[in-house]
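Comments concern the structure below.
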Amino acid sequence: MYVAVKGGETAIAHSLDLIADKRRGDRAVAELSLEQIDQQLGLAVDRVMTEGSCYDRALAALAIKQARGDLVEAIFLLRAYRTTLPRFGDSVPLDTTSMIVERRISGTFKDIPGGQVLGPTYDYTHRLLDFSLAASGERPQAPTAPVDSAQALPRVGDILERDGLLEPPPQGSSEGEKAEDLTRQPLTLPASRPLRLQNLARGDEGFLLALGYSTQRGYGNNHPFVGEIRFGGVPVSFVPEELGFAIEIADIDVTECDMVNQFAGSHDVPPQFTRGYGLAFGHAERKAMAMALVDRALRAEELSESASSPAQDEEFVLAHSDNVEASGFVQHLKLPHYVDFQSELVTVRALRQEVEQRNRRAALDQAAE
Amino acid sequence: MPDSSIEGGAYNYAYLDEQTKRMIRRAILKAVAVPGYQVPFGGREMPLPYGWGTGGIQVTAAIIGRDDTLKVIDQGADDTTNAVSIRRFFAKVADVATTTSTEKATITQTRHRVPETPLREGQIIVFQVPIPEPLRMLEPRETETRTLHALSEYGVMQVSLYESIARFGRIAKTYNYPVMVNDRYIMSPSPIPKFDNPKLDRSPALQLYGAGREKRIYAVPPYTPVKSLDFDDHPFEVESWTECCALCGSRESFLDEMIVDDAGKRMFICSDTDWCERRR
């Protein structure tokens, strides 16, 4: 006879136990430590910090462990924690020219002041499985050159800008003005560029990658070049009210991408290059580049270009970039919809009945003729 | 201020910090002042996923106090998994009494149903809303729909209902059936069946609607007229069943259909479990 979906309380309790058990896996295998995740799955930590909008390696590692390596779930965990934290103010804008770079490349010039620094990258690895990693064993330390921390590295973009070849950076929030915060206020459209960039920085890497890719395939193309990508540590400064001057409170690793794009010029502006900007926590070049492509695509209207492709559509991009929102809403379809479905059943049955009756009447009429 | 009785003092009472609650209460007050108008609010990330009731949870968290009694239903039932999960959340973070009785509840948070037992003055019903914009499926752009609401330009909705009649001989919309609130704003009643729409009209209870992912709050204050859209020659009507509830014999409640054997035999029971149990 009838068994209702009851006992939800017990079922949930058991489900929680089961998922905790699954997470741990075979007890004969050593448990992962947060340090191991931080050190050896560092790029996963970087992604979770970036899209989780929270720079904390230990918390991100914890989230990855708890989510069994499901990064979107880990991002969600970190966000849900972040939102409970009190805010004590805005930092001074990061100065990435003072970055101690581990890697810095330009696709536009063979040599640049400060030089090209290849640094750690998978770019030139041959993607052959390295079976030696399957066995444990210590690896020798890689040799490194001494770092000149006093050397400020000018951005390639700034050099181009001096000649008027590249537009000045588009206007953000002006000095002294309080920065808008997407995590505290709802997104209203059209959005300012700072809010757009916040949205993209938190946006799903896969979504932005596909959108950026689509611009390269002709859906809103603007002929991008990598002006510069740099990765390394930058200091974060903060001005406490009671002091009135900036103090350094942290060093964080970031990846910055300055994309240089063609621009045909408009009524008022002669042809020049334009900018797209990407920034991510940790080492995340794919994300920073995709973000820069989409940032530039979203500036179509501002630059009087026709905006007809998905990547140029502000509402479309900003409303669908967040993977925590997307994941939740897609997966909510797992929740019961008995009631809506019942309403649909009642109506579809009634509509089918009407069609049947009509057909039957038509058949009778035909037979009578 | 952190509440030491909740999760060892790591979280504030009812999870949200007091400033966030104040922001949400302001949005609620504005929503009550302009019935049916969607008020943008700084929705927060909740520890439950978007699409699973985060808007309703934030509204409830902003209005709940220790002397409240909370009821949570999903599809009309108190014992569906998500209702259980949300009730557990508030029992834990707000230290609040919970109930399955519609009469005893001061706050009822709901997904997809309005209880069969009529609500009374002083009660609050909080709806979980997936898509707050009633025009969204006709016009995907927020910038456009905002203008349409501002100008009360609702022709597009009337046309869509007319098209339904032209095609099916009736308005085939069955849930999330659009309503006109206080003669001014077209509003989504959330995906409740149209069967429940008449309960919204001039209800003595306060209706609050929270959409977390879309970051909108709207409200229908007590005794506000709520009219389901229709045409003079195609008046609004609700679903009806030829069967009655197999458990309590009710003929006036919304019935869920169940398949009980491999041959596809059907059985109908009340979707509102509290209503059904009290009648047995």
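Each value in this text was obtained by applying a stated rule to the coordinates, not by laboratory testing. Small disclaimer: the values here were computed from a predicted structure and weren't measured. Backbone-built Cβ (ideal geometry, glycine too); neighbour counts: all protein chains shown.
Its Cα centre serving as origin, chain B has a Cβ charge dipole (Lys and Arg +1, Asp and Glu -1) of approximately 580 debye.
Please find, in a Gaussian network model of chain B (springs between Cα atoms separated by less than 10 Å), the residue of B:G36, B:G65, B:G53 whose mean-square fluctuation is greatest. Result for chain B, Cα springs under 10 Å: B:G65 fluctuates most. Mean partner shielding of peptide B:50-59, defined as the number of other chain Cβ atoms within 10 Å of each residue Cβ, is 3.
For chain A, taking Cα atoms only, Rg and Dmax work out to 26.8, 100 Å respectively.
Counting only trypsin sites (Lys or Arg not before Pro) that sit in a DSSP loop (anything but H, G, I, E, B) with at most 16 other Cβ atoms within 10 Å, what is the longest stretch of chain A containing none of them?
Looking at chain A, A:218-369 is the longest stretch - no exposed trypsin sites (Lys or Arg not before Pro) with at most 16 other Cβ atoms within 10 Å.
Database remark: amide H of A:E102 closer than 5 angstrom to the amide H of A:F231, A:G232, A:G233 (H placed geometrically; neighbours at sequence offset of 5 or more, or on other chains; Pro and chain starts carry no H).
Binning the C-alpha pair distances of chain B at 10 Å intervals from 0 yields a P(r) profile of 7, 28, 34, 22, 8, 1, 0 %, listed from the shortest bin outward. A simple spin-label model places the labels of A:Q366 and A:L351 2.4 nm from each other, with each point 7 Å out along Cα-to-Cβ.
Between 0 and 90 degrees, the angle of helix A:338-368 with respect to the longest Cα principal axis of chain A falls at about 50 degrees. For B:T69, the residues 5 or more places off, or on other chains, whose built amide H falls under 5 Å of its own are B:T106, B:I107.
Over 25 Å, how big is the tail of the calculated P(r) for region A:241-369, in percent of all Cα pairs?
63
How far is the Cα center of region B:9-42 from the Cα center of region A:201-268, in Å? If you average the Cα positions of each part, the centres end up 33 Å apart.
Region B:71-149 and region A:8-35 have Cα centres spaced 31 Å apart.
Distance between Cα centroids, region A:49-82 to region A:269-321: provide it in whole Å. That distance is 26 Å. Taking Cα atoms only, the orientation of helix A:193-202 departs from the longest principal axis of chain A by about 70 degrees.
A simple rule links phi to the HN-Hα coupling: the Karplus curve 6.51 cos²θ - 1.76 cosθ + 1.60 with θ = phi - 60°, which for region A:33-47 gives 9, 4, 5, 4, 5, 4, 7, 9, 10, x, 6, 5, 4, 4, 5 Hz, with x for Gly and Pro. In a DSSP loop and with at most 11 other Cβ atoms within 10 Å, the chymotrypsin sites (Phe, Trp or Tyr not before Pro) in region A:35-109 are A:F88. Against the longest principal axis of chain A, how steep is helix A:205-216, in degrees 0 to 90 to the nearest 10, with axes from Cα atoms? The helix A:205-216 is inclined about 80 degrees to chain A. In terms of Cα to Cα distance under 23 Å, which lysines are near enough to B:K265, apart from those fewer than 8 places away along the same chain? Those lysines meeting the cut-off are A:K6. Let me have the 222 nm mean residue ellipticity of chain B computed from DSSP H runs of 4+ only, each contributing -39500 (n - 2.57), with the sum over all residues rounded to the nearest 500. One gets -8000 deg cm²/dmol as the mean residue ellipticity at 222 nm.
Positive end of the dipole of chain A (Cβ unit charges, origin at the Cα centre): among A:Y219, A:S33, A:L160, the Cα lying farthest that way belongs to A:S33. Determine ³J(HN,Hα), in whole Hz, for all residues of region B:38-49 in sequence, where each value follows from phi through the Karplus function 6.51 cos²θ - 1.76 cosθ + 1.60 and θ = phi - 60°; x replaces Gly and Pro. Karplus values, whole Hz, x for Gly and Pro: 7, 8, x, 9, x, x, 9, 6, 9, x, 10, x. Note: relative contact order over region A:62-182, using C-alpha pairs below 8 Å and six or more positions apart, is 23 percent.
Among the chymotrypsin sites (Phe, Trp or Tyr not before Pro) in region A:222-298, those located in a DSSP loop and surrounded by at most 12 other Cβ atoms within 10 Å of their own Cβ are A:F245. Restricting to the protein assembly as shown, compute how many DSSP beta bridges are antiparallel as a %, nearest 5. Taking every DSSP beta bridge within the protein assembly as shown, about 75 percent pair in antiparallel fashion. Straight-line cross-link reach from A:K110 at under 29 Å between alpha-carbon atoms covers these lysines, not counting any fewer than eight positions away in the same chain: A:K287.
Taking the helices alone, chain A has a mean residue ellipticity at 222 nm of -12000 deg cm²/dmol, built from -39,500 (n - 2.57) per DSSP H run of at least 4 residues and averaged over all its residues. Pairs over the 25 Å Cα-Cα cut-off, from the set B:K71/B:K173; A:K334/B:K215; B:K104/B:K227; A:K334/B:K173; B:K173/B:K227; B:K21/B:K92: B:K71/B:K173; B:K104/B:K227.
Under 5 Å between amide hydrogens, built in the peptide plane, is the criterion, and for B:S228 it picks out B:M180 among residues at least 5 positions away or on other chains. GNM on chain B, alpha-carbon springs under 10 angstrom: the most fluctuating residue among B:D17, B:D183, B:D232 is B:D232. Each Lys and Arg contributes +1 and each Asp and Glu -1, all at the Cβ; summed about the Cα centre of the protein assembly as shown, the dipole is approximately 1360 debye.
In the distance distribution for region A:12-82, Cα-Cα pairs more than 15 Å apart total 51 percent. Note on region B:1-131: with charges restricted to the Cβ of Lys and Arg (+1) and Asp and Glu (-1), its dipole about the Cα centre is near 320 debye. Derived from the Cα gyration tensor, the three semi-axes of the equivalent ellipsoid of the protein assembly as shown are 50, 31, 26 Å, largest first. Taken as entire DSSP H runs, the helices of chain B never both span 24 Å or more between Cα atoms along their own long axis and average 0.5 or more on the Kyte-Doolittle scale.
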